[in-house]
Amino acid sequence: MKRLNSQLQQDGAPLELILLIRTLLAACKEISFRVSQGALAGVLGSTLSENVQGETQKKLDVISNQILKDTLRESGYVKAISSEEEEDVVPCSPDGNYLVSFDPLDGSSNTEINSLIGTIFSITHAPQWMEADDPSAFLQPGTQSVAAGYVLYGPSTMLAMTTGKGTHIYTLDKTHGGFLLTKPNIELPTQTSEFSINASNQRHWEDPMQRYVADLILGADGPREKDFNMRWVAAMVGDIHRVLCRGGIFMYPFDNRNPEKPGKLRLLYEANPMAFLVEQAGGLADTGEGRIMEVMPTEIHQRVPTIIGSKEEVETCLSYYK
Ligand code: AHG
Ligand code: MN
Ligand code: MN
């Protein structure tokens with residue numbers, strides 16, 4: 001089976017980017033090991049602290065963030081990082097050529113139930129003019145990303161990644177520590193009969209989403225004239241992984257609970273990297289008002305509504321917004 005390095009070379013990734021990706025993945029392998037040790041290593045449960053988003057941090061949120069931060073700071077390739085678990089941008093090497101945004105542990109409520117979790121990341125060039133502690137360089141639309149992906153810590157540890165030349169899925173071979181290409185050139189089916197949304201928030205959704213999901217639930221008895229199935233992992237990495245494997249539509253829509261939080265998911269290190277992966281696999285990723293990857297961020301922890309998945313199904317969903 002092909003190794004990650006050869007695929008990255010084949011896709012034309014520059015050497016320094018390949019080295020950065022390998023460094024980042026070395027950190028993810030360590031997280032994978034810690035996660036697998038679970039209660040034996042005392043890594044489960046919550047801390048007493050909250051992150052900038054007001055969420056209680058799990059021990060694994062803090063550990064994963066620290067592993068990624070230390071590894072990237074020491075690498076020399078990275079000028080600065082932004083993380084879900086860091087209020088501000090963290091300066092790294094002044095001469096680094098790249099910026100990395102990441103969600104160190106996505107789906108952290110799943111840690112207590114030994115269910116799917118992962119790390120999501122996005123890489124852009126570091127502009128020459130920026131100081132390492134300048135957050136404005138992170139405020140670029142997702143179209144500027146040079147690489148994005150996630151590592152899923154499931155029954156297997158898997159990597160989905162794109163450098164803009166298709167989306168490929170790799171599996172970590174724990175016998176020698178390498179990521180091997182197990183699903184090259186993902187192509188999402190354009191149609192689906194599977195959707196993914198936290199239906200407990202239904203009363204808070206905006207009107208187009210109310211009408212769209214109501215029609216999905218009507219199934220064969222409604223205007224869609226077919227039955228749909230529903231899945232919710234409560235970790236975006238798990239839900240998007242399913243979409244990449246067999247198609248589907250994943251939504252965390254705008255809801256009216258708090259106008260300052262338009263949707264739950266964060267643009268820089270959740271929505272954008274997943275949008276890049278899904279678009280590279282032939283799918284679509286939209287906020288309901290436009291392409292996610294074209295949203296101009298105004299702050300590093302900005303949230304966006306997300307509608308991501310199989311092309312024709314996303315288009316159908318968006319038709320309710322017109
Ligand atoms: P995180 O664990 O990084 O805070 O992200 C959790 C996110 C996302 O992964 C998932 O889709 C969503 O929150 C789950 O939200 P609900 O609590 O509404 O299920
Ligand atoms: Mn997350
Ligand atoms: Mn997280």
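Side notes on the structure shown:
- Unmet criterion (only one of (1) assigned by TED's automatic domain parsing to the domain that holds L159; (2) under 18 Å from G247 (Cα atoms)) for T175: (2)
- Across the stretch 75-84, a minimum of one residue is classified as touching a Pro at 6+ places or on another chain (Cβ under 8 Å), part of a loop (DSSP other than H, G, I, E, B) and either among the aromatic types (F, W, Y) or within 16 Å of ligand 3 (Cβ to nearest atom) (or both).
- Subset of the stretch 86-107 that is within 15 Å of ligand 1 (Cβ to nearest atom) and crowded, with 23+ Cβ neighbours inside 10 Å - its residue that is nearest to S145 (Cα to Cα): S101
- One residue alone among G45, G12 is at positive phi, more than 16 Å from ligand 3 (Cβ to nearest atom) and out of contact with any Gly (no Cβ under 7 Å at 6 or more places or on another chain), and that residue is G12.
One line per residue, one yes/no per condition, for (1) touching a residue at least 24 places away in the same chain (Cβ under 8 Å); (2) assigned to a helix (DSSP H, G or I); (3) more than 16 Å from ligand 2 (Cβ to nearest atom); (4) within 23 Å of F33 (Cβ to Cβ):
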position: L68; (1), (2), (3), (4): yes, yes, no, yes
position: S101; (1), (2), (3), (4): yes, no, no, no
position: P104; (1), (2), (3), (4): yes, no, no, yes
position: S109; (1), (2), (3), (4): yes, yes, no, yes
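- Here L24, L8 are screened, and the one residue that is under 19 Å from the mean Cα position of the chain (by Cα) and of a type in the set (A, V, I, L, M, F, W, C) is L24.
- When S32, S64, S36, S83 are checked against the criterion of being touching a residue at least 40 places away in the same chain (Cβ under 8 Å), over 19 Å from F121 (Cβ atoms) and among the hydroxyl-bearing types (S, T, Y), a single residue qualifies: S36.
- From the options S64, S75, residue that is more than 16 Å from ligand 2 (Cβ to nearest atom) and surrounded by 14 or more Cβ atoms within 10 Å (Cβ to Cβ): S75
- The set of residues from the stretch 186-221 being under 24 Å from the mean Cα position of the chain (by Cα), among the hydrophobic types (A, V, I, L, M, F, W, C) and crowded, with 16+ Cβ neighbours inside 10 Å comprises I186, L188, F195, I197, W205, M209, V213.
- Per the listing P184, P141, P189, P135, the residue uniquely touching an Asp or Glu at 6+ places or on another chain (Cβ under 6 Å) and in contact (Cβ under 8 Å) with a residue 24 or more places away in the chain is P141.
- Pairs, first in contact (Cβ under 8 Å) with a residue 24 or more places away in the chain in the stretch 300-322, second of a type in the set (D, E), C-beta under 7 Å, six or more apart: I307/D286; V314/D286; L318/D286
- Considering the stretch 188-307, the qualifying helices (runs of 4 or more DSSP H), each wholly inside and each with 3 or more residues that are within 16 Å of ligand 2 (Cβ to nearest atom), run over 236-246, 272-280.
- Qualifying residue in the stretch 247-269 (condition: surrounded by fewer than 18 Cβ atoms within 10 Å (Cβ to Cβ), at pLDDT 95 or above and not assigned by TED's automatic domain parsing to the domain that holds T162): no
The values are calculated or read from the model by the stated rules, or taken from the named source; none is laboratory data. Just so you know, these numbers come straight off a predicted model, no measurement behind them. Cβ: placed from backbone, ideal geometry, glycine included. Neighbour counts: every protein chain shown.
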